[in-house]
Amino acid sequence: METILIYISLLGSLTFAISGALKAINKKFDPFGILIIGFVTAVGGGTIRDILITDKTVFWLTETTHLYFIIGGVILAIIFRNKLNKFNKSLTIFDAVGLGLFTITGVQIGLENDLHYINCIILGTVTGSFGGVLRDVLVNETPVIFKKEIYATISIVGGAIYLILLKLEVQNPILQIVPIVLIIIARLVILKFKITLPQINYKKK
Amino acid sequence: METILIYISLLGSLTFAISGALKAINKKFDPFGILIIGFVTAVGGGTIRDILITDKTVFWLTETTHLYFIIGGVILAIIFRNKLNKFNKSLTIFDAVGLGLFTITGVQIGLENDLHYINCIILGTVTGSFGGVLRDVLVNETPVIFKKEIYATISIVGGAIYLILLKLEVQNPILQIVPIVLIIIARLVILKFKITLPQINYKKK
Amino acid sequence: METILIYISLLGSLTFAISGALKAINKKFDPFGILIIGFVTAVGGGTIRDILITDKTVFWLTETTHLYFIIGGVILAIIFRNKLNKFNKSLTIFDAVGLGLFTITGVQIGLENDLHYINCIILGTVTGSFGGVLRDVLVNETPVIFKKEIYATISIVGGAIYLILLKLEVQNPILQIVPIVLIIIARLVILKFKITLPQINYKKK
């Protein structure tokens, strides 16, 4: 089980790197810029999480496997940049898988550090969504997750479901699989039907 | 005294959260985006401060009271978004109170960590002003404190006054109250009379 | 030798501060905004590096020499803002020196912390280049190093050369001087001949 989770995590890094690299290619960045944006998209959320937790070493500084997958993802994105539109659907699926897994990883790391439930959910959301926020800040756009897509909201709900299952003493692997699968399904359904949160507008007079 | 300071700190978080949320509403963010911007505005400065100090845990990760006030502030901002223009004056006062208190908190934490006076003032400025900087970066604007308003300069001067009083062996609570009150008054006077720092222009030939 | 390196490091901070301050003056920031942008440009890269390494204190929090050089650089930039275009060449040289030294410093700190070679190179690149990235994010521009100039790529190659020399058991001071000098020369040659990395474009049909 543990091993499967690591593989999925690496796949999540790979696909986040691809999505970041494609965005940088669209912005006409040079190859190094593409690599950096892919890297930041893939590790940004987990890096902010690890920095917030004082005693935790940043995860990609003590191992290199994630780095190889990120570099691989960026190279794939550059080589297949013209074809990747066709694969858009499969990319979306990997991205949703990454969101699901990264969210639950963040919540679990919060629990390991004896944090309050609310803070665990915040860490899950940061891990799942803030790579994309950093990506958008670096390419000088308003982060897309704040405006057009339901994304982080899924992290919040998914993290809460994990904590509820934990309280109900649901055991592994169901405890991990259920919220991850729910996050993935929710994300894909929302993209399929273009569901957005209602905007908060000022009253017109 | 200590308890009063905590209450004011929570009020500062509340009003920073309201000001962040109102900005996000203006930018047509969705509800989650509004929550995030409110959150970042309220805790951003203190978070950067705590990350810079290696041994210090990020303050909102080990307690939840600030979080409740922030969520409350965001909900208030959403509900009363049409009326809050009328309350603009009271908001400004709370924001100035937050600036005063957060600045002195930052300076004190610097002293507790045996930092040099200059670094204490930097930490005070970061605590008081950088929540707003992060807010502006995330909504993709040039941070307002660098351009249009005297804001961080007040933090610098207020922090210096605190350190001077400390050297003069002024005791609490006067030691804390005087610079906090001076920061609040300075900020309100500057807003009232729309005082700005002189711009540094290139010589025209 | 050690002392010479410290002097060069301080000169690097000074010139990075000048380059940041000039950018902020162009953006019509007020004096405090100019100071902040100069400060962030000079210490930003090293600060991110120190934050990523869990146990390392942020370098400018425990000493003040860098701060004096940064404040000095900002004041020089403000006073001589009209003349500094003439000195543009000397500024470029100092900036290249800063890039070279900061890169190797970052790599060395990675080695001291027993990190993998790839991670050492990443830390070198972050130290050398990310002050400029933060500067550009704060003035609300797309970071220039991702698009128009070969900059971080030089860090990566320079860091790799240092590690190769280390493997070949080359001793100090040659071990340090060679990659630093190569980085400086590469940067100046690239600027002189306006060399850019090839853009990755979509195939036209």
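The values are calculated or read from the model by the stated rules, or taken from the named source; none is laboratory data. Just so it is clear, the structure is predicted and the values come from calculations on it, not from any experiment. Neighbour counts are summed over all protein chains in view; Cβ atoms, including those assigned to glycine, are modelled from backbone coordinates with ideal geometry. Just so you know, the surface numbers come from the protein's heavy atoms only, side chains and all, with ligands and any DNA or RNA stripped out. Shrake-Rupley method; radii C 1.70, N 1.55, O 1.52, S 1.80 Å.
Filtered by the rule that a residue be among the aliphatic types (A, V, I, L, M), in a loop (DSSP other than H, G, I, E, B) and open to solvent by less than 70 Å² (accessible area, probe 1.4 Å), segment C:170-195 gives a lone residue, C:170. Name the residues in segment A:28-51 that are open to solvent by 10 Å² or more (accessible area, probe 1.4 Å), in contact (Cβ under 8 Å) with a residue 12 or more places away in the chain and farther than 10 Å from residue A:131 by Cβ, would you? A:31, A:35, A:36, A:49, listed by residue number. Taking the criterion of being among the aliphatic types (A, V, I, L, M), at the interface with another protein chain (Cβ under 10 Å from one of its Cβ atoms) and in contact with an Asp or Glu (Cβ under 8 Å, 6 or more places away or on another chain), would at least one residue in segment B:152-167 satisfy it? No, every residue in segment B:152-167 fails to be among the aliphatic types (A, V, I, L, M), at the interface with another protein chain (Cβ under 10 Å from one of its Cβ atoms) and in contact with an Asp or Glu (Cβ under 8 Å, 6 or more places away or on another chain). Taking residue B:3 as the residue in question, decide whether it is more than 9 Å from chain A (Cβ to nearest Cβ), more than 19 Å from residue B:107 (Cα to Cα) and open to solvent by 20 Å² or more (accessible area, probe 1.4 Å). When the stated conditions are applied, residue B:3 does not pass them.
In the set (1) in contact (Cβ under 8 Å) with a residue 12 or more places away in the chain; (2) crowded, with 18+ Cβ neighbours inside 10 Å; (3) closer than 20 Å to residue C:127 by Cα; (4) not aromatic (Phe, Trp, Tyr), residue C:54 fails one condition alone, (1). Residue C:64 meets all of the listed conditions (1) surrounded by fewer than 17 Cβ atoms within 10 Å (Cβ to Cβ); (2) under 17 Å from residue B:153 (Cα atoms) but one, namely (2). In the set A:169, A:141, only one residue is among the acidic types (Asp, Glu) and over 28 Å from residue A:199 (Cα atoms); that residue is A:169. Taking the conditions (1) within 14 Å of another protein chain (Cβ to nearest Cβ); (2) part of a helix (DSSP H, G or I) in turn, residue B:198 satisfies each one other than (2). Looking across segment C:11-27 at every residue that is open to solvent by less than 10 Å² (accessible area, probe 1.4 Å) and over 12 Å from the mean Cα position of the chain (by Cα), the one that is nearest to the other protein chains (Cβ to nearest Cβ) is identified as C:25.
Every test in (1) in contact with a Lys or Arg (Cβ under 9 Å, 6 or more places away or on another chain); (2) without any contact (Cβ under 8 Å) to a residue 40 or more places away in the chain is passed by residue C:123 save one, and that test is (2).
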